[in-house]
Amino acid sequence: MKKAFFFTLLACFNFLITFAQSSNGVEMATGLRSSGKIYVVVIVLLLIFIGFIIYLFTLDRRISRIEKNDKKNNLIK
Amino acid sequence: MKSYWWKFLGAAIVFYTVIAGLLGEVPALPILHESIRVVYFHVPMWFAMLLMYLISVIYSIRYLGSGKTEYDFVAVESVNVGLIFCVFGLLSGMLWANITWGDPWPNDPKLNSSAIASLMYLAYIVLRNALNEEQSRAKISAIYNVFAFPIMLVLLFILPRLTDSLHPGNGGNPGFSGYDMTGGMKLVFRPAALGWMLIGVWIMTLRYRIRKLEYRKDGLDY
């Protein structure tokens, strides 16, 4: 979902035609950068990604706890 | 499997590539414009998928040699995670294609081949679900895996290069590993591929460990 959102956003940005052009005449999103909006995008994506990693981490710890318990109760090798 | 360093390394690398991927400098190319940044995510999805399928076929072969159920667990969970990355690769590719080629699926050889490869691995899952007995399920799906893997390689990497294709790296187009991937981009792209591969392995190990626990709790000896 984060990917879909990210790419939708990126697709939208492509349609934001700025009047600033790069040196070889190809338009890039320099307007977004100069207005600082790009930083909001980065932070949003990082937050979602950090949330995902925290989820994986808590899942990992929960599994480790069960494995340790099983080992103690001799259920698992 | 219980050590955390490589898991956090993968997370940190992807964290870095999100920041550098959006804020870093990219060459200004026609048609692509800023969307060239999608390469930092779309291609690593496929790298992660490839690694997963490679691990899967290795463990399928190991299972056939040893008969150890854990190897079968690794094989199936690797395909499961590989399929997830495959879906994200396809979705990200379709979104990217839509804004650059004007069509999410222009019936291109590379795209059609990747669809066939995806269906092959979905068929692996369907095959497993169709077999009730544990040993025959593991053995038959392992043999299927051994066939599916090289066919997937041919479909994704050989066939599209033999014919006309829109996709970068095939049909005479410059790949992003060619002169269009600047040194600056390589600094983000290569870590991104590594980071997502590490995260893929992490997710696979979690699923594998859960499967082992469920199996054990059923009182079965493995």
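Just so it is clear, none of the values below were taken in a lab; they were calculated from the coordinates. No experiment lies behind these values; they were computed from the predicted model shown. Note that each Cβ is placed from the backbone with ideal geometry, even for glycine, and that neighbours are counted across all protein chains shown.
Here is how the numbers come out for the structure above:
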quantity: Computed over chain B, Cα set: Rg, Dmax in Å; calculated: 19.0, 61
quantity: Gaussian network model of chain B, springs between alpha carbon atoms under 10 Å - residue of B:Thr205, B:Thr17, B:Thr182 with greatest fluctuation; calculated: B:Thr182
quantity: Packing-based order for B:56-64, B:103-111, using average beta carbon neighbours within 10 Å, highest first; calculated: B:56-64, B:103-111
quantity: Over segment B:5-214, relative contact order from alpha-carbon pairs under 8 Å, at least 6 apart, %; calculated: 35 percent
quantity: Peptides B:156-166, B:66-76, B:40-50 ordered by average Cβ neighbours within 10 Å, highest first; calculated: B:40-50, B:66-76, B:156-166
quantity: Extension gain, B:Leu162 back to B:Lys2 (0.36 nm per residue minus Cα-Cα distance, nm); calculated: 53.2 nm
quantity: Label-to-label distance, nm, for residues given as B:Ile58 and B:Ile151 (7 Å Cα→Cβ offset); calculated: 2.4 nm
quantity: For the protein assembly as shown, alpha-carbon Rg over 2.2 N^0.38 Å; calculated: 1.11
